[in-house]
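The values are calculated or read from the model by the stated rules, or taken from the named source; none is laboratory data. All of these numbers come straight from a predicted model, not from anything done at the bench. Here Cβ is always computed from backbone atoms with ideal geometry, including for glycine, and neighbour counts include all displayed protein chains. All accessible areas refer to the heavy atoms of the entire protein, side chains included, with ligands and DNA or RNA removed. Shrake-Rupley method; radii C 1.70, N 1.55, O 1.52, S 1.80 Å.
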Amino acid sequence: VSATGRTPADVLVDGETIAAVLAPGSTLLGFDLAAHVDRVIDATGKYVIPGGVDAHTHMELPFGGTAASDTFETGTRAAAWGGTTTIVDFAVQRAGERVMDGLAAWHDKAAGQCAVDYAFHQIVGGVDDDSLKAMEGLVAEGVTSYKLFMAYPGVFYADDAQIVRAMQKAADLGLLTMMHAENGPAIDVLAAQLVERGKTDPYFHGIARAWQLEEEATHRAIMLADLTNAPLYVVHVSAKQAVQQLAWARDNGKNVFGETCPQYLYLSLEEQLGAPGFEGAKWVCSTPLRSRAEGHQDHMWQALRTNDLQMVSTDHCPFCMKGQKELGLSDFRAIPNGIGSVEHRMDLMYQGVVTGEITLERWVELTSTTPARMFGLYGRKGVIAPGADADVVVYDPAGHTSIGVGEGRTHHMNMDHSAWEGFEVDGHVDVVLSRGTVVVDDAGYHGRAGHGRYLKRDLSQYLV
Ligand code: DUC
Ligand code: ZN
Ligand code: ZN
């Protein structure tokens with residue numbers, strides 16, 4: 001199955017790459033192929049797809065006085081289990097730090113640790129003369145996209161003046177600007193007012209981060225990108241009104257893109273409100289979960305069909321309850337933001353095929369092909385074709401996956417809970433190859449830390 005169609009085929013892998021895609025049972029120079037290869041993987045009745053590309057992960061992200069609980073080792077192992085064979089993680093620069101030091105620190109964390117291939121975006125958390133100058137070196141490092149935050153004043157934050165300067169620089173360099181589009185200063189006011197009134201439960205995280213503040217920031221980002229001729233990619237879109245801004249921009253010829261994440265398709269603010277005690281903390285992420293009554297989730301699925309949103313990443317940012325999420329027991333503002341999903345994205349999005357929300361081809365496009373194109377990896381990743389890396393997943397539509405940490409459930413992420421506990425999914429990741437090596441099959445996990453390589457990325461293949 002590719003982004004454009006499906007056909008019965010044999011996939012011939014030679015070393016780390018795909019050598020040929022052949023009609024089933026083909027011979028090569030008169031030889032019966034099956035008799036002359038080292039290993040035959042029988043995919044009869046199953047789908048063979050390009051390995052997943054998760055273009056938004058945060059291994060070891062420092063946040064709220066703690067750090068995301070997956071290392072590159074544990075996080076990429078979980079990714080492999082779930083059929084994701086490439087991640088693009090965010091190297092971090094904060095105000096007052098040097099961009100290239102941040103990138104070097106991320107290389108240090110990941111080198112020799114990853115089970116699957118990895119690449120980096122650069123968070124520019126402090127825009128000033130030094131960081132703008134340093135952006136000039138990113139493309140040569142294979143880092144062709146960078147992220148700004150309109151949220152989180154005092155942590156990672158860009159005001160409008162900084163956004164304009166960074167976008168001008170990015171437009172010159174061909175860097176894709178990724179935007180966390182929420183109005184942080186306004187959120188901070190609302191959050192403080194809620195806490196003053198004793199509204200400290202996790203649920204109020206989503207009340208403070210109102211959809212109006214996502215819509216407003218998305219619109220502002222679009223207009224500043226238009227002004228500066230900078231292509232724009234809005235991360236983790238969750239409000240239908242933000243999607244409407246993106247749709248309007250695209251209809252008017254602007255080079256603007258958006259991703260959503262599984263949590264914004266499946267989980268809701270109402271469920272968070274109904275969670276007992278402090279349980280709702282497991283769903284504290286930003287952008288926040290949105291109201292199902294307001295129709296945000298249905299709108300996200302629709303936008304994935306109409307291409308108002310182009311791809312699905314996880315924003316994988318795991319924190320344990322114990323010692324981490326618990327920091328916000330008496331004040332939701334202190335709950336580290338994030339949900340861990342890197343292991344489950346392929347299964348959760350396949351569920352959209354089962355329920356008729358998206359086609360099989362769109363599943364591949366949203367989870368592998370478009371992420372590869374968007375972030376300059378296509379050709380090596382995102383496609384099963386001669387010359388591409390042999391990142392291949394055999395997916396069993398007749399299989400079943402029980403998601404969560406309990407017995408008999410999948411869960412290899414370094415978390416003491418799952419935001420997806422109890423999810424039952426039709427379909428199952430059967431076999432995973434990463435650059436020609438079988439890393440997962442029915443006998444279990446065969447991957448190893450250090451197999452995954454750093455990928456220098458080309459410019460986005462969506463730049464014009
Ligand atoms: N959102 C999250 O949920 N976690 C980390 C950073 C972010 O923007
Ligand atoms: Zn973000
Ligand atoms: Zn993120």
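Some notes on this structure:
- Dipole magnitude (debye, nearest 20) for the range 10-164, charges at Cβ of Lys, Arg, Asp, Glu: 280
- Distance between modelled label sites at residue 44 and residue 442, nm, 7 Å Cα→Cβ extension: 1.2
- Using only side-chain charges placed at the Cβ, +1 for Lys and Arg and -1 for Asp and Glu, the dipole size of the range 228-284 relative to its Cα centre rounds to 240 debye.
- Across the range 50-90, the volume of the C-alpha convex hull divided among the residues equals 55 Å³ per residue.
- Summary of packing: across the peptides 5-15, 132-142, 77-87, 222-232, the per-residue average of other C-beta atoms within 10 Å ranks them, highest first, as 77-87, 222-232, 132-142, 5-15.
- The range 140-197 and the range 237-261 have Cα centres lying 17 Å from one another.
- Dipole orientation for the range 305-464: of the candidates 451, 311, 402, 451 has the Cα lying most toward the positive pole (charges on Cβ; Lys, Arg +1; Asp, Glu -1).
- Rolling a 1.4 angstrom probe over the protein heavy atoms with all chains in place gives the range 1-53 an accessible area of 64 Å² per residue.
- Bridging of residue 325 to aspartates and glutamates at a Cα separation below 16 Å is possible for 60, 70, 201, 279, 416, once same-chain residues fewer than 8 apart are set aside.
- Local electrostatic count, residue 461, Cβ distance below 15 Å [Lys/Arg +1, Asp/Glu -1]: +3
- Residue by residue, the range 75-90 carries 3J(HN,Hα) couplings of x, 6, 5, 4, 4, 4, 3, x, x, 9, 10, 9, 10, 10, 9, 9 Hz when phi is fed to the Karplus relation 6.51 cos²θ - 1.76 cosθ + 1.60 (θ = phi - 60°); x denotes Gly or Pro.
- Debye, to nearest 20: dipole size of the chain, +1 on Lys, Arg Cβ, -1 on Asp, Glu Cβ: 520
- Net charge of the neighbourhood of residue 34, taken over other residues with C-beta under 14 Å away and scored Lys/Arg +1, Asp/Glu -1, is -3.
- Since only 206, 323, 121 are under comparison, the one whose Cα sits farthest along the positive direction of the charge dipole of the chain, derived from C-beta charges on Lys, Arg, Asp and Glu, is 121.
- When the range 333-446 is described by a simple charge dipole with +1 on each Lys and Arg Cβ and -1 on each Asp and Glu Cβ, the residue from 367, 414, 393 located farthest towards its positive end is 367.
- Potential extension, residue 105-residue 305 segment - 0.36 nm per residue separation minus Cα distance: 68.2 nm
- Span from the the range 403-451 Cα centroid across to the the range 1-56 one, whole angstrom: 22
- Reachable aspartates and glutamates, given that their alpha-carbon falls under 17 Å from the alpha-carbon of residue 240 and they are not under 8 places away in the same chain: 182, 214, 215, 216, 251, 259, 270, 294, 298, 308, 357
- Across the range 224-234, coupling constants 3J(HN,Hα) worked out from phi with the 6.51/-1.76/1.60 Karplus curve, θ = phi - 60°, read 5, 5, 5, 4, 9, 6, 9, x, 10, 10, 8 Hz, and Gly and Pro carry x.
- Against the criterion of solvent-accessible heavy-atom surface with a 1.4 angstrom probe, 41, 49 sort, most first, into 41, 49.
- Environment charge at residue 235 (Cβ cut-off 10 Å; Lys +1, Arg +1, Asp -1, Glu -1): -1
- For the chain, DSSP calls about 45 percent of its internal beta bridges antiparallel.
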